[in-house]
Amino acid sequence: MTRETWRVPVRVDFAGGTLDLWPIYAMMGGCVTVNAAVDLWIEIGLTRSGQGHRITSRDLGLELRFDAWPTEPPTTLSWVWRVLDASETPPATLTLHSPVPQGSGLGVSSCLGVGLLGAALGLEAGEALAAKVSILRDLESRELQTPTGWQDYYPAALGGALALHWDGPAPRWERLEPHPALLSNLVVFYTGKPHHSGLTNWEAYRRFIEGDGQTRQALAEIRDIARDMALALSSDPAAVAELLEREGRARMSMSPAVETDAMRAVRDRGRREGWYAGMKPCGAGGGGCCLLVARDGHREAAEAALREMGLPPMDLRITPKGLHKL
(Lines give C-alpha, C1' and ligand atoms only; values in the text may rest on other atoms or scores of the structure.)
Protein backbone atom coordinates (compact mmCIF):
# COMPACT_ATOMS: atom_id res chain seq x y z
CA MET A 1 0.00 0.00 0.00
CA THR A 2 1.72 3.17 -1.24
CA ARG A 3 0.87 6.37 0.62
CA GLU A 4 0.38 9.53 -1.44
CA THR A 5 0.52 13.11 -0.17
CA TRP A 6 -1.33 15.91 -1.94
CA ARG A 7 -1.48 19.63 -1.15
CA VAL A 8 -4.17 22.09 -2.17
CA PRO A 9 -4.13 25.87 -1.55
CA VAL A 10 -6.90 28.03 -0.15
CA ARG A 11 -7.79 31.36 -1.76
CA VAL A 12 -8.27 35.07 -1.16
CA ASP A 13 -10.93 36.99 -3.08
CA PHE A 14 -10.30 40.53 -4.23
CA ALA A 15 -13.72 41.38 -5.70
CA GLY A 16 -16.89 39.95 -7.12
CA GLY A 17 -17.96 37.38 -4.57
CA THR A 18 -21.68 36.41 -4.56
CA LEU A 19 -21.81 37.30 -8.28
CA ASP A 20 -20.78 33.70 -9.02
CA LEU A 21 -24.19 32.36 -7.96
CA TRP A 22 -26.49 31.40 -10.83
CA PRO A 23 -28.75 33.06 -11.96
CA ILE A 24 -27.39 36.30 -10.48
CA TYR A 25 -24.64 36.66 -13.07
CA ALA A 26 -27.01 35.66 -15.88
CA MET A 27 -29.66 38.17 -14.81
CA MET A 28 -27.00 40.89 -14.59
CA GLY A 29 -25.72 40.25 -18.11
CA GLY A 30 -22.36 38.79 -17.07
CA CYS A 31 -20.04 39.38 -14.12
CA VAL A 32 -16.43 38.93 -13.02
CA THR A 33 -14.84 37.56 -9.85
CA VAL A 34 -11.17 38.20 -9.04
CA ASN A 35 -9.39 35.80 -6.67
CA ALA A 36 -6.08 34.03 -6.11
CA ALA A 37 -4.58 30.88 -4.62
CA VAL A 38 -2.43 31.47 -1.52
CA ASP A 39 0.20 29.24 0.01
CA LEU A 40 -1.72 27.98 3.01
CA TRP A 41 -1.90 24.30 2.20
CA ILE A 42 -4.50 21.72 3.11
CA GLU A 43 -2.65 18.40 3.19
CA ILE A 44 -4.31 15.18 2.07
CA GLY A 45 -2.69 11.81 2.69
CA LEU A 46 -4.18 8.68 1.17
CA THR A 47 -3.66 5.04 0.33
CA ARG A 48 -5.77 3.74 -2.51
CA SER A 49 -6.16 0.10 -1.59
CA GLY A 50 -6.56 -1.88 1.60
CA GLN A 51 -9.17 -3.46 3.82
CA GLY A 52 -12.15 -1.22 4.58
CA HIS A 53 -12.05 2.59 4.70
CA ARG A 54 -10.75 5.06 7.29
CA ILE A 55 -11.10 8.88 7.20
CA THR A 56 -9.16 10.95 9.74
CA SER A 57 -9.29 14.70 10.35
CA ARG A 58 -6.28 15.61 12.47
CA ASP A 59 -7.59 19.13 13.13
CA LEU A 60 -11.06 18.09 14.26
CA GLY A 61 -9.85 15.00 16.10
CA LEU A 62 -12.30 12.81 14.19
CA GLU A 63 -11.88 9.35 12.70
CA LEU A 64 -14.42 7.33 10.76
CA ARG A 65 -14.05 3.63 9.94
CA PHE A 66 -16.17 1.58 7.55
CA ASP A 67 -15.94 -2.07 6.56
CA ALA A 68 -17.68 -1.11 3.31
CA TRP A 69 -18.10 2.33 1.77
CA PRO A 70 -21.42 3.77 3.09
CA THR A 71 -24.26 4.61 0.71
CA GLU A 72 -25.45 7.57 2.83
CA PRO A 73 -23.42 10.44 4.31
CA PRO A 74 -22.18 10.00 7.89
CA THR A 75 -23.18 12.55 10.52
CA THR A 76 -19.61 13.92 10.66
CA LEU A 77 -17.24 14.69 7.77
CA SER A 78 -20.23 14.48 5.42
CA TRP A 79 -18.64 16.86 2.88
CA VAL A 80 -15.57 14.64 2.68
CA TRP A 81 -17.76 11.57 2.16
CA ARG A 82 -19.86 13.35 -0.48
CA VAL A 83 -16.87 14.32 -2.65
CA LEU A 84 -15.17 10.94 -2.35
CA ASP A 85 -18.42 9.17 -3.12
CA ALA A 86 -18.83 11.25 -6.29
CA SER A 87 -15.31 10.28 -7.36
CA GLU A 88 -16.42 6.61 -7.43
CA THR A 89 -12.90 5.73 -6.26
CA PRO A 90 -12.86 6.35 -2.48
CA PRO A 91 -9.45 5.53 -1.01
CA ALA A 92 -8.84 2.97 1.71
CA THR A 93 -7.35 5.55 4.07
CA LEU A 94 -7.53 9.34 4.04
CA THR A 95 -5.91 11.81 6.45
CA LEU A 96 -6.63 15.55 6.41
CA HIS A 97 -4.72 18.44 7.93
CA SER A 98 -5.50 22.14 7.47
CA PRO A 99 -3.60 25.09 8.98
CA VAL A 100 -6.54 27.38 8.25
CA PRO A 101 -9.06 28.28 10.99
CA GLN A 102 -12.67 27.21 10.57
CA GLY A 103 -14.89 29.92 9.10
CA SER A 104 -11.87 31.79 7.76
CA GLY A 105 -13.53 33.11 4.60
CA LEU A 106 -10.65 31.61 2.58
CA GLY A 107 -12.79 29.07 0.75
CA VAL A 108 -11.54 26.13 2.80
CA SER A 109 -14.43 23.71 2.18
CA SER A 110 -14.44 24.36 -1.57
CA CYS A 111 -10.66 24.09 -1.88
CA LEU A 112 -10.75 20.90 0.17
CA GLY A 113 -13.36 19.58 -2.24
CA VAL A 114 -11.01 20.23 -5.17
CA GLY A 115 -8.22 18.48 -3.30
CA LEU A 116 -10.33 15.45 -2.45
CA LEU A 117 -11.76 15.00 -5.92
CA GLY A 118 -8.45 15.62 -7.67
CA ALA A 119 -6.51 13.30 -5.38
CA ALA A 120 -9.12 10.54 -5.69
CA LEU A 121 -9.02 10.81 -9.49
CA GLY A 122 -5.26 11.35 -9.70
CA LEU A 123 -5.66 14.81 -11.28
CA GLU A 124 -3.32 17.69 -10.42
CA ALA A 125 -4.22 21.35 -11.08
CA GLY A 126 -5.03 22.12 -14.69
CA GLU A 127 -7.85 22.32 -17.19
CA ALA A 128 -8.95 18.71 -16.69
CA LEU A 129 -9.48 19.31 -12.98
CA ALA A 130 -11.10 22.72 -13.57
CA ALA A 131 -13.61 20.97 -15.83
CA LYS A 132 -14.84 19.05 -12.74
CA VAL A 133 -15.77 22.20 -10.80
CA SER A 134 -19.45 22.10 -11.76
CA ILE A 135 -19.68 18.69 -10.06
CA LEU A 136 -18.32 20.15 -6.84
CA ARG A 137 -20.60 23.19 -7.01
CA ASP A 138 -23.66 20.96 -7.19
CA LEU A 139 -22.38 18.67 -4.44
CA GLU A 140 -21.83 21.65 -2.14
CA SER A 141 -25.32 22.95 -2.80
CA ARG A 142 -26.67 19.54 -1.83
CA GLU A 143 -24.48 19.50 1.28
CA LEU A 144 -25.49 23.00 2.46
CA GLN A 145 -29.06 22.92 1.11
CA THR A 146 -28.60 26.46 -0.22
CA PRO A 147 -27.59 27.94 -3.58
CA THR A 148 -23.80 28.01 -3.91
CA GLY A 149 -21.34 29.79 -6.15
CA TRP A 150 -18.32 28.31 -7.81
CA GLN A 151 -15.56 30.91 -7.69
CA ASP A 152 -13.80 29.34 -4.69
CA TYR A 153 -12.88 26.15 -6.57
CA TYR A 154 -10.86 27.65 -9.40
CA PRO A 155 -7.75 28.91 -7.55
CA ALA A 156 -7.33 25.41 -6.11
CA ALA A 157 -7.99 23.80 -9.49
CA LEU A 158 -5.76 26.16 -11.51
CA GLY A 159 -3.43 28.05 -9.14
CA GLY A 160 -2.38 31.69 -9.38
CA ALA A 161 -4.45 34.87 -9.59
CA LEU A 162 -7.56 34.74 -11.76
CA ALA A 163 -10.30 36.83 -13.28
CA LEU A 164 -13.29 34.51 -13.65
CA HIS A 165 -15.75 35.75 -16.26
CA TRP A 166 -19.35 34.62 -15.71
CA ASP A 167 -20.78 35.27 -19.16
CA GLY A 168 -21.82 31.83 -20.39
CA PRO A 169 -22.81 28.34 -19.26
CA ALA A 170 -19.32 27.90 -17.76
CA PRO A 171 -16.85 30.58 -16.70
CA ARG A 172 -13.88 31.76 -18.71
CA TRP A 173 -10.73 32.25 -16.70
CA GLU A 174 -8.04 34.83 -17.31
CA ARG A 175 -4.68 34.58 -15.56
CA LEU A 176 -3.51 37.76 -13.84
CA GLU A 177 -0.07 38.84 -12.63
CA PRO A 178 -0.47 41.01 -9.51
CA HIS A 179 1.71 44.11 -9.40
CA PRO A 180 4.91 43.57 -7.34
CA ALA A 181 4.15 46.62 -5.18
CA LEU A 182 0.74 45.17 -4.37
CA LEU A 183 2.24 41.83 -3.36
CA SER A 184 4.72 43.54 -1.04
CA ASN A 185 1.96 45.44 0.79
CA LEU A 186 -0.74 42.77 0.97
CA VAL A 187 -1.66 41.51 4.45
CA VAL A 188 -4.24 38.90 5.50
CA PHE A 189 -5.31 38.69 9.14
CA TYR A 190 -7.89 36.67 11.07
CA THR A 191 -10.50 38.60 13.04
CA GLY A 192 -10.87 35.85 15.62
CA LYS A 193 -14.52 35.34 14.71
CA PRO A 194 -15.64 32.68 12.19
CA HIS A 195 -18.30 33.34 9.57
CA HIS A 196 -20.88 31.27 7.67
CA SER A 197 -20.77 32.16 3.98
CA GLY A 198 -23.61 29.81 3.05
CA LEU A 199 -26.13 31.74 5.14
CA THR A 200 -24.78 35.17 4.18
CA ASN A 201 -24.80 34.38 0.46
CA TRP A 202 -28.27 32.87 0.72
CA GLU A 203 -29.67 36.08 2.21
CA ALA A 204 -28.16 38.19 -0.59
CA TYR A 205 -29.36 35.65 -3.16
CA ARG A 206 -32.91 35.62 -1.83
CA ARG A 207 -33.18 39.41 -1.73
CA PHE A 208 -31.75 39.73 -5.25
CA ILE A 209 -34.20 37.20 -6.70
CA GLU A 210 -37.10 38.87 -4.89
CA GLY A 211 -36.13 42.18 -6.51
CA ASP A 212 -34.93 44.07 -3.43
CA GLY A 213 -33.68 47.39 -4.80
CA GLN A 214 -30.90 47.95 -2.27
CA THR A 215 -29.45 44.47 -2.82
CA ARG A 216 -29.60 44.78 -6.59
CA GLN A 217 -27.93 48.19 -6.48
CA ALA A 218 -25.16 46.89 -4.19
CA LEU A 219 -24.47 43.86 -6.39
CA ALA A 220 -24.44 46.06 -9.51
CA GLU A 221 -21.80 48.21 -7.81
CA ILE A 222 -19.81 45.09 -6.85
CA ARG A 223 -20.01 43.96 -10.50
CA ASP A 224 -18.47 47.26 -11.63
CA ILE A 225 -15.82 47.10 -8.89
CA ALA A 226 -14.83 43.57 -9.90
CA ARG A 227 -14.44 44.57 -13.54
CA ASP A 228 -12.15 47.42 -12.48
CA MET A 229 -10.26 45.09 -10.11
CA ALA A 230 -9.48 42.69 -12.96
CA LEU A 231 -7.73 45.57 -14.73
CA ALA A 232 -6.07 47.12 -11.67
CA LEU A 233 -4.56 44.03 -10.07
CA SER A 234 -1.56 43.94 -12.38
CA SER A 235 -1.10 47.68 -12.87
CA ASP A 236 -2.33 49.94 -10.06
CA PRO A 237 -1.90 48.94 -6.38
CA ALA A 238 -3.48 52.20 -5.17
CA ALA A 239 -6.59 51.47 -7.22
CA VAL A 240 -6.74 47.94 -5.78
CA ALA A 241 -6.79 49.37 -2.25
CA GLU A 242 -9.58 51.80 -3.11
CA LEU A 243 -11.59 49.08 -4.84
CA LEU A 244 -11.31 46.86 -1.75
CA GLU A 245 -12.74 49.73 0.31
CA ARG A 246 -15.57 50.28 -2.16
CA GLU A 247 -16.52 46.60 -2.21
CA GLY A 248 -16.53 46.53 1.59
CA ARG A 249 -18.90 49.50 1.68
CA ALA A 250 -21.17 47.93 -0.94
CA ARG A 251 -21.39 44.73 1.09
CA MET A 252 -22.15 46.69 4.25
CA SER A 253 -25.06 48.35 2.46
CA MET A 254 -26.57 44.87 2.06
CA SER A 255 -25.85 43.89 5.66
CA PRO A 256 -24.05 45.94 8.34
CA ALA A 257 -23.06 42.61 9.98
CA VAL A 258 -20.51 42.12 7.17
CA GLU A 259 -18.10 44.33 9.11
CA THR A 260 -17.10 43.41 12.67
CA ASP A 261 -15.83 45.58 15.52
CA ALA A 262 -12.31 44.28 14.88
CA MET A 263 -12.43 45.44 11.26
CA ARG A 264 -13.60 48.91 12.27
CA ALA A 265 -10.85 49.13 14.87
CA VAL A 266 -8.21 48.22 12.27
CA ARG A 267 -9.47 50.86 9.85
CA ASP A 268 -9.63 53.57 12.52
CA ARG A 269 -6.15 52.87 13.85
CA GLY A 270 -4.63 52.44 10.40
CA ARG A 271 -5.95 55.77 9.20
CA ARG A 272 -4.85 57.48 12.39
CA GLU A 273 -1.32 56.05 12.18
CA GLY A 274 -1.00 56.43 8.41
CA TRP A 275 -0.44 52.81 7.30
CA TYR A 276 -3.94 51.98 6.03
CA ALA A 277 -4.78 52.01 2.30
CA GLY A 278 -7.77 49.67 1.95
CA MET A 279 -9.43 46.53 3.28
CA LYS A 280 -12.28 44.11 2.70
CA PRO A 281 -13.44 40.94 4.44
CA CYS A 282 -12.57 37.69 2.70
CA GLY A 283 -15.53 35.71 1.49
CA ALA A 284 -18.97 36.89 2.54
CA GLY A 285 -17.76 38.77 5.63
CA GLY A 286 -19.21 38.88 9.10
CA GLY A 287 -15.98 37.44 10.50
CA GLY A 288 -13.20 35.25 9.23
CA CYS A 289 -10.17 36.82 7.54
CA CYS A 290 -9.62 40.26 6.04
CA LEU A 291 -7.54 41.32 3.07
CA LEU A 292 -5.63 44.53 3.85
CA VAL A 293 -3.43 46.68 1.64
CA ALA A 294 -0.93 48.75 3.61
CA ARG A 295 0.35 52.05 2.26
CA ASP A 296 3.52 51.56 0.27
CA GLY A 297 6.45 51.04 2.64
CA HIS A 298 4.21 50.70 5.71
CA ARG A 299 3.61 46.96 5.80
CA GLU A 300 5.79 46.39 8.88
CA ALA A 301 3.92 49.10 10.79
CA ALA A 302 0.59 47.57 9.78
CA GLU A 303 1.64 44.09 10.88
CA ALA A 304 3.01 45.38 14.19
CA ALA A 305 -0.26 47.18 14.90
CA LEU A 306 -2.31 44.09 14.04
CA ARG A 307 -0.24 41.99 16.43
CA GLU A 308 -0.77 44.56 19.20
CA MET A 309 -4.51 44.35 18.56
CA GLY A 310 -4.50 40.56 18.91
CA LEU A 311 -5.05 40.10 15.17
CA PRO A 312 -1.76 38.57 14.03
CA PRO A 313 -1.19 38.61 10.26
CA MET A 314 -1.10 35.26 8.50
CA ASP A 315 2.09 34.13 6.80
CA LEU A 316 0.96 33.65 3.21
CA ARG A 317 1.65 34.71 -0.35
CA ILE A 318 -0.14 34.30 -3.68
CA THR A 319 1.06 31.06 -5.26
CA PRO A 320 1.02 29.90 -8.88
CA LYS A 321 0.46 26.33 -7.66
CA GLY A 322 -2.91 24.67 -7.39
CA LEU A 323 -3.52 21.11 -6.24
CA HIS A 324 -0.38 19.01 -6.60
CA LYS A 325 1.04 15.69 -5.51
CA LEU A 326 4.26 15.71 -3.50
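The values are calculated or read from the model by the stated rules, or taken from the named source; none is laboratory data. Source: prediction; values computed, not measured. Cβ atoms come from the backbone with ideal geometry, glycine included; neighbour counts cover every protein chain shown.
I'd like to verify a number: residues in region 251-267 that are among the small types (G, A, S) and either under 18 Å from N185 (Cβ atoms) or surrounded by 18 or more Cβ atoms within 10 Å (Cβ to Cβ) (or both), how many?
Narrowing region 251-267 to residues among the small types (G, A, S): 253, 255, 257, 262, 265.
From what's left, either under 18 Å from N185 (Cβ atoms) or surrounded by 18 or more Cβ atoms within 10 Å (Cβ to Cβ) (or both): 262.
Number satisfying all stated conditions: 1.
For region 58-77, state whether one or more residues are crowded, with 18+ Cβ neighbours inside 10 Å and out of contact with any Gly (no Cβ under 9 Å at 6 or more places or on another chain). Don't jump to the end; show me each part of the working.
Taking region 58-77 first, the residues crowded, with 18+ Cβ neighbours inside 10 Å are 77.
Retained after the next criterion (residues that are out of contact with any Gly (no Cβ under 9 Å at 6 or more places or on another chain)): 77.
Yes, region 58-77 has at least one match.
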Being crowded, with 24+ Cβ neighbours inside 10 Å and not aliphatic (A, V, I, L, M) narrows G248, G270, G211, G287 down to just G287
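Which ones in region 43-68 are out of contact with any Phe, Trp or Tyr (no Cβ under 9 Å at 6 or more places or on another chain) and not charged (D, E, K, R)?
Kept after step one, since they are out of contact with any Phe, Trp or Tyr (no Cβ under 9 Å at 6 or more places or on another chain), are these residues of region 43-68: 47-51, 56-63, 65-68.
Result: T47, S49, G50, Q51, T56, S57, L60, G61, L62, F66, A68.
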Please find, within region 8-20, the residue that is surrounded by the fewest Cβ atoms within 10 Å (Cβ to Cβ) out of those that are of a type in the set (A, V, I, L, M, F, W, C) and closer than 28 Å to L96 by Cα. V12
T18 assigned to a loop (DSSP other than H, G, I, E, B), in the same structural domain as L116 (by TED's automatic domain parsing) and more than 21 Å from the chain's Cα centre (by Cα): no
Quick one: Q102 ticks every box in (1) surrounded by fewer than 18 Cβ atoms within 10 Å (Cβ to Cβ); (2) modelled with pLDDT of 95 or more; (3) among the polar types (S, T, N, Q) except a single one, so which number is it? (2)
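For (1) outside any loop (DSSP other than H, G, I, E, B); (2) more than 16 Å from the chain's Cα centre (by Cα), each residue gets a yes or a no:
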residue: T71; (1), (2): no, yes
residue: T76; (1), (2): no, yes
residue: A86; (1), (2): yes, yes
residue: T89; (1), (2): no, yes
residue: P101; (1), (2): no, no
residue: A120; (1), (2): yes, yes
residue: D138; (1), (2): yes, yes
residue: S141; (1), (2): yes, no
Count, please, the residues in region 122-136 that happen to be touching a helix residue (DSSP H, G or I) at 6+ places or on another chain (Cβ under 7 Å), free of Cβ contacts under 8 Å to residues at least 60 places away in the same chain and part of a helix (DSSP H, G or I). 4
